[in-house]
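Read through the structure below, which is laid out as structure tokens, and then see the notes.
The values are calculated or read from the model by the stated rules, or taken from the named source; none is laboratory data. Values in this document were obtained by computation on a predicted structure and should not be read as measured data. Cβ atoms come from the backbone with ideal geometry, glycine included; neighbour counts cover every protein chain shown. All accessible areas refer to the heavy atoms of the entire protein, side chains included, with ligands and DNA or RNA removed. Shrake-Rupley method; radii C 1.70, N 1.55, O 1.52, S 1.80 Å.
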Amino acid sequence: MRNEPAVEVAGLVKRYGTRTAVDGLDLAVPRGSVTAVLGPNGAGKTTTVEVCEGYRRPDGGSVRVLGLDPVTQGAALRPRIGVMLQAGGVYPGAYAEEMLRHTAALHAHPIDPALLIERLGLESCGRTTYRRLSGGQQQRLALAMAVVGRPELVFLDEPTAGLDPQARHATWDLVRELRADGATVVLTTHFMDEAEQLADQVVIIDGGRSIAHGTPEELCRGGAEGTLRFIGRPGLDLASLLKALPADSAAAELSPGSYRIEGKVDPQLLATVTSWCAQHGVLPDRLSVERRTLEDVFLELTGRELRR
Ligand code: ATP
């Protein structure tokens, strides 16, 4: 059915021995969307994706991918999905172009491999074996192999890790084109800007569970906390300004004449501050509004401690 999600995961549990890597995770990926799965190291992203790809058997919960069970219906599912693994998954002694052409030949309506080679800047790599490619070239080849068969659904595990800025942008363009062609893309990433640039939906997971999801805008709007900054004459009466602002606001003079106001940043707050400034003969110079970024939200939700 076209309306059912491309990926539907409910209560997924996956253990490695005594370690629970995924602990009751729910995930729904709408068709034709780009979903970015974010999470600290060890959160369970790769494990979840690998279960969806049929590489790992779940210990609990249910997983449907394009309406199929990846474990029992893997043979029907595999030709319809494209997979880019974190660690290659490619025969190291094979030539780059040969491998891509071979993968293309397995599909009924592949993208022209020459086009992908050009798009991903792999022209000089055709007669090079996979093991002799640079890390970034290996990544780009793995991406080309994941998409060459025009899959309905593509899983990209950290597709731009270790890529130079040019290759990152080429990868982003390719992801946008896949979506424009109607494909569904699920990607994991540690780059918040990548998620902001590409994702229709962001899912944040931690401790093997989904802890937040929504569009990047929805997640950044949550709580609506933000910061307003301006430069004015030193020593403004901030107690008087605070009286005009909502109770949960904070105001500080960070250095002489440099002010920061924190709170629910909305048009009303801006109007209150500028009108207070007007009443006190202050021109709020370089007045700026800073909204929360996805990185702020991510750190608020998952904390700042390093994962071990
Ligand atoms: P990263 O951002 O570091 O790639 P991740 O979110 O993809 O992390 P996973 O690779 O899914 O996390 O790992 C989740 C947990 O499961 C971690 O604690 C990890 O050590 C453990 N784990 C992953 N693969 C295995 C395995 N093959 N055997 C045992 N434990 C594993």
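Details
- Some residue of the stretch 289-302 being buried (at least 16 other Cβ atoms within 10 Å of the Cβ) and over 30 Å from residue 178 (Cβ atoms): no
- Residue in the stretch 261-268 that is under 31 Å from the mean Cα position of the chain (by Cα), closer than 27 Å to residue 237 by Cβ and of a type in the set (Gly, Ala, Ser) present: yes
- In the stretch 1-43, residue nearest to residue 192 (Cα to Cα) [restricted to those that are away from the ligand (no atom under 15 Å from the Cβ) and of a type in the set (A, V, I, L, M, F, W, C)]: 34
- When the stretch 20-33 is filtered for residues that are open to solvent by less than 40 Å² (accessible area, probe 1.4 Å), under 16 Å from residue 66 (Cβ atoms) and among the hydrophobic types (A, V, I, L, M, F, W, C), the ones remaining, listed by number, are 27, 29.
- Subset of the stretch 262-281 [more than 24 Å from residue 293 (Cβ to Cβ), touching a Ser or Thr at 6+ places or on another chain (Cβ under 9 Å) and either open to solvent by 60 Å² or more (accessible area, probe 1.4 Å) or basic (Lys, Arg) (or both)]: 280
- Highlighted here are the helices (runs of 4 or more DSSP H) found entirely within the stretch 172-261 that include at least 2 residues which are surrounded by 18 or more Cβ atoms within 10 Å (Cβ to Cβ) and either modelled with pLDDT of 95 or more or of a type in the set (S, T, N, Q) (or both): 192-198.
- Residue count for the stretch 151-162 under the criterion of being open to solvent by less than 20 Å² (accessible area, probe 1.4 Å), away from the ligand (no atom under 16 Å from the Cβ) and either part of a loop (DSSP other than H, G, I, E, B) or small (Gly, Ala, Ser) (or both): the result is 1.
- Test: residue 289 is of a type in the set (Val, Ile, Thr), modelled with pLDDT of 95 or more and not in a loop (DSSP other than H, G, I, E, B): no
- Failed item in (1) at pLDDT 95 or above; (2) touching a Leu at 6+ places or on another chain (Cβ under 9 Å); (3) over 17 Å from residue 13 (Cβ atoms), with residue 97 passing the rest: (1)
- The listed residue being touching a residue at least 40 places away in the same chain (Cβ under 8 Å) and of a type outside the set (A, V, I, L, M), out of 260, 291, 304: 291
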